[in-house]
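The structure appears below as structure tokens.
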Amino acid sequence: MVAPPDNDVLWARGLHYSYNGSPALTGVSVGVRECEILAVTGPRGAGKTTLLKCLSGQLLADPGEVWFNSAPVHTLSRSARERLRRERFGWIDTEPHLVPELTGWENAALPLLARGIGHRAAKRTAGEWLERLDVGDCARKRPAALTQAQRQRVAIARALAGEPTVVFADEPTAPLHTADRAQVLRTLTTAARSHQITVVLATLDEENAALADRTVTLVDGRRGGAIPAPEAPGGEGRAACSVSA
């Protein structure tokens with residue numbers, strides 16, 4: 001067993017995964033650096049969602065290894081992987097999947113409340129993230145009263161409110177109108193950079209991928225090339241940070 005490079009917060013080697021005998025990943029290896037925004041691109045059915053689920057411990061590759069901060073995720077028990085996802089990872093799905101009976105701040109506070117954070121502190125933190133994501137006025141509204149873009153911003157606030165080390169975003173702008181897509185993605189990437197959060201973004205959208213530091217491509221469950229994203233205007237690189245195990 002070989003430990004991952006020190007500067008990789010996530011590292012996977014030789015991931016294989018099949019659904020009912022149909023291969024979704026075939027020998028995929030990838031490393032994700034601390035504070036990096038990594039875009040995973042490829043056509044539908046290429047294995048992007050499966051890769052994110054393997055990296056986050058939702059699925060166990062067979063065979064394959066996944067490491068987080070030099071700890072082998074693939075050898076953890078189910079309960080340990082659930083705790084890892086609850087405490088260190090955030091997840092943004094294609095659809096917001098908010099709890100309809102809860103208000104905006106209650107939905108955003110769910111990861112904090114699940115970790116035993118007090119009601120007042122959780123509400124304050126959730127409210128701060130909703131404000132950062134320009135949906136502070138949605139704090140007391142239930143999902144049915146929100147637009148799709150507002151619901152997705154609340155879902156992003158939920159993923160970020162728990163101060164995760166890594167956020168996995170699975171085509172988070174796919175259901176949005178074109179005008180909302182870039183704005184929502186820029187909001188996510190700006191928040192991640194300012195709070196030194198690593199992001200693994202699955203996307204079909206080239207404009208979304210251009211916001212990342214680096215892009216890897218999957219085709220038929222296999223790894224394609226890796227391309228660094230164009231340097232941001234003004235020559236600004238990604239923020240440096242350190243992540244403790």
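Looking at the stretch 123-131, is at least one residue at pLDDT 95 or above, under 17 Å from Ala191 (Cβ atoms), in contact with a Cys (Cβ under 9 Å, 6 or more places away or on another chain) and not hydrophobic (A, V, I, L, M, F, W, C)? Within the stretch 123-131, not a single residue is at pLDDT 95 or above, under 17 Å from Ala191 (Cβ atoms), in contact with a Cys (Cβ under 9 Å, 6 or more places away or on another chain) and not hydrophobic (A, V, I, L, M, F, W, C). For the stretch 111-124, filtered to residues that are in a helix (DSSP H, G or I) and of a type in the set (D, E, K, R), the residue that is farthest from Gln148 (Cα to Cα) is Arg120. Here the strands (runs of 3 or more DSSP E) wholly within the stretch 1-78 that include at least 2 residues being small (Gly, Ala, Ser), in contact with a Phe, Trp or Tyr (Cβ under 7 Å, 6 or more places away or on another chain) and closer than 21 Å to Leu201 by Cα are 22-33.
Going through the stretch 14-26 one residue at a time, which ones are surrounded by 15 or more Cβ atoms within 10 Å (Cβ to Cβ) and not aliphatic (A, V, I, L, M)?
His16, Tyr17, Pro23, Thr26
In the condition set (1) in contact (Cβ under 8 Å) with a residue 40 or more places away in the chain; (2) surrounded by fewer than 16 Cβ atoms within 10 Å (Cβ to Cβ); (3) among the acidic types (Asp, Glu), Glu36 is compliant with all but (2). Of Ala145, Ala114, all but one fail to be of a type outside the set (Lys, Arg), loosely packed, with under 13 Cβ neighbours inside 10 Å and closer than 22 Å to His177 by Cβ; the exception is Ala145. Looking for something surrounded by 20 or more Cβ atoms within 10 Å (Cβ to Cβ), hydroxyl-bearing (Ser, Thr, Tyr) and within 21 Å of Ala39 (Cβ to Cβ) - is there at least one such residue anywhere in the stretch 159-169? Yes, the stretch 159-169 has at least one match.
The set of residues from the stretch 125-153 being among the small types (Gly, Ala, Ser) and either part of a helix (DSSP H, G or I) or touching a residue at least 40 places away in the same chain (Cβ under 8 Å) (or both) comprises Ala126, Gly127, Gly136, Ala144, Ala145, Ala149. Residues in the stretch 157-178 that are closer than 21 Å to Pro143 by Cβ and without any contact (Cβ under 8 Å) to a residue 40 or more places away in the chain were compared, and the one that is nearest to the chain's Cα centre (by Cα) is Thr173. Within the set Thr103, Thr147, Thr94, the sole residue that is closer than 23 Å to Leu201 by Cβ, of a type in the set (Ser, Thr, Tyr) and over 20 Å from the mean Cα position of the chain (by Cα) turns out to be Thr147. Scanning the stretch 46-72 for residues that are small (Gly, Ala, Ser) and crowded, with 21+ Cβ neighbours inside 10 Å yields Ala46, Gly47, Ser56, Gly57, Ala61. Within the stretch 93-110, identify whether any single residue is assigned to a helix (DSSP H, G or I), in contact (Cβ under 8 Å) with a residue 24 or more places away in the chain and closer than 30 Å to Tyr17 by Cβ, and answer yes or no. There is at least one residue in the stretch 93-110 that is assigned to a helix (DSSP H, G or I), in contact (Cβ under 8 Å) with a residue 24 or more places away in the chain and closer than 30 Å to Tyr17 by Cβ.
Among residues of the stretch 154-172 being outside any strand (DSSP E or B) and among the β-branched types (Val, Ile, Thr), the one that is farthest from Ile197 (Cα to Cα) is Val154.
The values are calculated or read from the model by the stated rules, or taken from the named source; none is laboratory data. Keep in mind it's a predicted model, so treat the numbers as computed, not measured. Glycine gets a Cβ as well: all are built from the backbone with ideal geometry, and neighbour counts include every protein chain shown.
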